[in-house]
Each structure stands twice: as C-alpha cells, then as structure tokens.
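Single-structure report; data block below.
The values are calculated or read from the model by the stated rules, or taken from the named source; none is laboratory data. Being a predicted model, the structure only gives us computed values, none of them experimental. Positions of Cβ are backbone-derived with ideal geometry, glycine not excepted, and every protein chain shown enters the neighbour counts. Just so you know, the surface numbers come from the protein's heavy atoms only, side chains and all, with ligands and any DNA or RNA stripped out. Shrake-Rupley method; radii C 1.70, N 1.55, O 1.52, S 1.80 Å.
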Amino acid sequence: MAAMTINSVNFGAAKAVKFEYVGLKPLKVHQNITSVRPHSVKFAPRVLTVNAAEAQGDGQVKKMGKSDEECEAAVVAGIVPEAPPVPPKPASPVGTPLAASLPLSRRPRRNRRSPVLRAAFQETTISPANLVYPVFIHEGEEDTPIGAMPGCYRLGWRHGLVEEVAKARDVGVNSIVLFPKVPDALKTSTGDEAYNDNGLVPRTIRLLKDKYPDLVIYTDVALDPYSSDGHDGIVREDGVILNDETVYHLCKQAVSQARAGADVVSPSDMMDGRVGAIRAALDAEGFQHVSIMSYTAKYASSFYGPFREALDSNPRFGDKKTYQMNPANYREALIETREDESEGADILLVKPGLPYLDIIRLLRDNSSLPIAAYQVSGEYSMIKAGGVLKMIDEERVMMESLMCLRRAGADIILTYFAVQAARCMCGEKR
Ligand code: PBG
C-alpha cells in the first residue's frame with residue numbers, strides 16, 4: 001500500500017528505508033487481511049491492509065518445524081507446545097571481552113529491538129497531508145529548469161503547472177503555494193502588478209480552481225516579485241523600506257488573491273501590522289473564510305539564494321535586514337508570535353526550517369495555532385547537491401529532514417521535496 005507513517009528513518013541498521021504510513025492508496029506490499037463485518041450488509045467488505053514486519057533476524061519468532069495442519073491438529077488434541085529450547089548463544093567475534101552484565105534497571109535498547117516494537121513506539125509521523133508544495137510559475141509555455149534547484153522548474157502556468165499539480169495530487173499532496181516570476185516590464189517601484197486582478201497569480205488560481213476545486217491554494221503576499229527594487233516593500237529614496245504604505249498595498253494584493261479563489265494568503269514580507277490589516281481588508285470584502293498564514297519568524301537568511309535566482313528577485317541594493325529577523329535572535333520570535341496571534345493569524349510560519357528547529361519548537365510551545373515550517377530553497381539545494389555528488393543518500397536525508405521538522409513541532413511543511421517525499425511515503429520509487 002501506499003501510505004505509511006514514516007515508520008522509521010532507520011539510521012544505520014536496516015537495509016531498505018522503510019517509510020511507512022497508513023492512509024492513501026491500496027498497498028501492494030506483503031499481506032491483505034479481508035475482514036467482513038459479521039452483521040452488516042450495508043457496508044462493502046473493508047480491506048484492511050497490514051504491513052507485515054520484515055524478518056531481519058533480530059529477535060523474530062521462528063517456526064518450530066511443524067506444518068500449520070500439524071499445529072492445528074495438536075491444539076485440537078489438547079497438546080500444548082513445550083516452551084522452545086533455550087537457543088544457543090550466538091557467537092561473538094574473537095577478542096570480545098568477557099564482561100559481567102551491567103546492573104541496569106533500564107535498557108532503552110529493549111524498546112528498539114525489532115521493527116514492530118520500533119513502529120509501536122514511534123513518536124512522530126508524517127504523511128503527504130502535512131506537505132505543501134511551493135511551485136514557481138511564469139507566463140511562458142515552456143517549463144524552464146532552475147539551475148540552482150535541480151528538479152525544480154519555472155512552470156508554464158497553463159500547462160506545466162496543471163500537470164505538476166496532478167502529479168502532486170496523485171500522491172496525496174493537495175496543497176500548493178504559488179510563486180510568480182514576473183516579467184521585468186511589469187515591475188515598478190511600488191509593485192502595482194501585485195494587485196492586478198488579471199495578473200499571473202489570480203489568473204492561475206482561477207484556472208486551477210476550475211480544474212481542481214478541492215485543491216488548497218496558498219499565495220505569497222509580498223511585493224518583491226513585482227518590485228523593480230527586489231524588496232518586499234516600497235523603498236523610499238533614502239533606502240528606507242516603508243512599512244504602513246507597503247501594508248496598504250499588501251492588503252490590496254491579498255484581497256485580489258482571495259477574489260480569485262485563494263484559500264490561504266501568506267504574508268512573507270515581515271512588515272509590522274500586516275496580519276491585522278489584511279484580516280480587516282479580507283473581512284471588509286466578504287472573505288471571512290480565507291485564512292492567513294503569517295510568516296511569523298522569517299529570518300534574513302542566506303538560504304534563500306536559489307529562490308531569488310528562480311524568480312530573479314534579488315534586491316537591487318542592500319539586504320532585507322531591516323524587516324527580516326536577525327538569525328542570532330530567539331526571543332524576538334516570541335514578540336512576532338504574540339503580534340500575529342493577536343492580529344488574527346490562522347497559521348504561524350517559521351523560515352528557514354532545519355537550521356531553525358529551536359524556533360519551531362519555541363512557537364509550538366507558546367501558541368496553540370498550527371505551526372508551519374518552510375524548508376527553503378537553500379536547504380533543498382544542499383540535499384540535492386549532496387545526493388548528486390554521492391556524499392549523502394538523498395532520499396534518506398530528505399525524509400529525515402522532514403521528519404525532524406515535524407518532531408520539532410511543525411504541523412505542515414512547505415518543501416520543494418513535497419512530491420518526491422510523498423512518493424516515497426506511498427512506497428513508490430522515482
Ligand atoms: C519573498 C520570499 C522569499 C522566499 C519566499 N518568499 C525570499 C526572500 O525573502 O528573499 C524564500 C523561499 C525559499 O528560499 O525557498 N517574499
């Protein structure tokens with residue numbers, strides 16, 4: 001079957017990576033147990049698929065040589081099997097010291113000694129339902145590969161994107177976030193294309209919603225793809241990024257996206273007060289049902305490099321340090337959390353992901369809201385590069401990194417690996 005809790009990112013021991021989660025598709029593995037409800041004719045027989053533990057020789061029960069029929073006959077005759085003989089102790093390598101047993105009352109390895117026990121005590125799981133797939137779109141017809149992000153493309157909004165979304169849905173990823181590459185000719189210093197109702201993003205949302213009404217579409221709310229300065233806000237002549245004036249435009253952008261059918265608008269700009277202002281703007285236009293995922297703790301990170309190449313959105317001057325957070329700061333994430341909560345955010349996001357696990361945990365422990373983690377472009381590219389160079393096992397590192405983001409407290413993960421990882425969870429190899 002598909003779907004499994006990532007059963008174990010089995011560090012070291014097991015040969016095959018066993019990502020098992022229960023859900024999605026019919027399994028193709030191991031055994032099927034069909035159970036029919038005894039007194040019900042109303043329900044179709046339900047197929048319950050069980051993923052048998054793989055015999056790895058570590059403490060598995062072995063058959064004692066009798067056939068099933070002989071065992072059955074013995075039981076019927078009232079003959080209870082003897083306890084199995086104590087097996088001879090397997091040999092240790094020559095040179096193993098003869099050491100007395102340590103007097104330990106607790107040996108944590110007991111709970112790790114077989115695949116069944118390990119699966120039973122696994123604390124964290126991951127499924128395709130936890131993944132959000134960020135996709136790059138452009139006006140063109142072709143899908144253009146992104147050099148710094150192997151496996152990612154700027155997708156033609158009309159064809160390539162629709163096909164990619166179908167692939168994602170096939171493996172249970174039904175949430176995407178759209179990032180547009182806007183032609184230079186449409187960029188201005190005030191980023192007005194951001195709220196053009198016929199712009200690339202609103203048009204794409206309409207197309208996708210027409211084809212896949214149940215697809216959950218997240219949008220990015222920020223001016224950088226539309227700004228001739230490459231900043232997330234409007235830049236004054238002295239280089240200052242204007243806050244309240246930018247928020248005014250972000251509200252128009254969010255409303256335009258909601259009007260097109262966006263489910264979740266996601267301000268990634270880090271201006272102060274934008275969540276409350278966007279909430280009020282959405283409500284005033286009748287979009288009470290549209291959610292806000294706030295980039296609550298977004299750091300001024302060098303891990304965004306490949307993304308900026310993908311969208312050609314590098315700031316024309318300076319950096320983003322007057323609005324994005326200092327990577328050295330921890331407590332400050334709590335200030336942002338309190339603001340976003342009180343302004344009405346529905347989901348709080350931490351970005352980047354893996355280098356900021358402590359921040360994910362901080363938000364998890366200090367808010368009851370769902371937490372999102374963004375495994376950003378640089379994180380993706382590093383794992384891809386390590387895999388291509390055969391320095392790491394790409395697939396296992398990918399799955400481990402996603403599991404760790406979940407363990408730290410993320411409910412959902414935005415990741416360019418979404419489709420590859422979901423395929424892995426469904427037991428499909430690429
Ligand atoms: C900009 C935005 C950025 C990312 C998402 N939205 C880049 C930036 O802040 O410069 C980065 C995502 C990634 O690196 O994968 N609003």
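Hey, can you tell me all the residues within the stretch 194-221 that are among the charged types (D, E, K, R), in contact with a strand residue (DSSP E or B) (Cβ under 9 Å, 6 or more places away or on another chain) and open to solvent by 30 Å² or more (accessible area, probe 1.4 Å)?
Correct list: 209 only.
Inspection of the stretch 378-401 identifies no residue that is within 16 Å of the ligand (Cβ to nearest atom) and in a strand (DSSP E or B). Of the residues making up the stretch 176-191, those that are within 16 Å of the ligand (Cβ to nearest atom) and in a strand (DSSP E or B) number 5.
For the criterion of being more than 24 Å from the chain's Cα centre (by Cα), assigned to a helix (DSSP H, G or I), under 26 Å from residue 288 (Cβ atoms) and not hydroxyl-bearing (Ser, Thr, Tyr), residue 194 passes. Among the residues of the stretch 266-290, those that are assigned to a loop (DSSP other than H, G, I, E, B) and either within 12 Å of the ligand (Cβ to nearest atom) or charged (D, E, K, R) (or both) comprise 268, 269, 270, 271, 272, 285. Only a single criterion out of (1) more than 24 Å from residue 149 (Cβ to Cβ); (2) part of a loop (DSSP other than H, G, I, E, B) is not satisfied by residue 320, namely (1). Just checking, does the stretch 210-217 include any residue being assigned to a helix (DSSP H, G or I) and within 16 Å of the ligand (Cβ to nearest atom)? For the stretch 210-217, residues assigned to a helix (DSSP H, G or I) and within 16 Å of the ligand (Cβ to nearest atom): absent. Residue 343 meets each of the listed conditions (1) in contact (Cβ under 8 Å) with a residue 60 or more places away in the chain; (2) of a type in the set (Asp, Glu); (3) over 15 Å from residue 295 (Cα atoms) apart from (3). Here residue 325 qualifies as surrounded by 22 or more Cβ atoms within 10 Å (Cβ to Cβ), aliphatic (A, V, I, L, M), more than 13 Å from the chain's Cα centre (by Cα) and within 15 Å of the ligand (Cβ to nearest atom).
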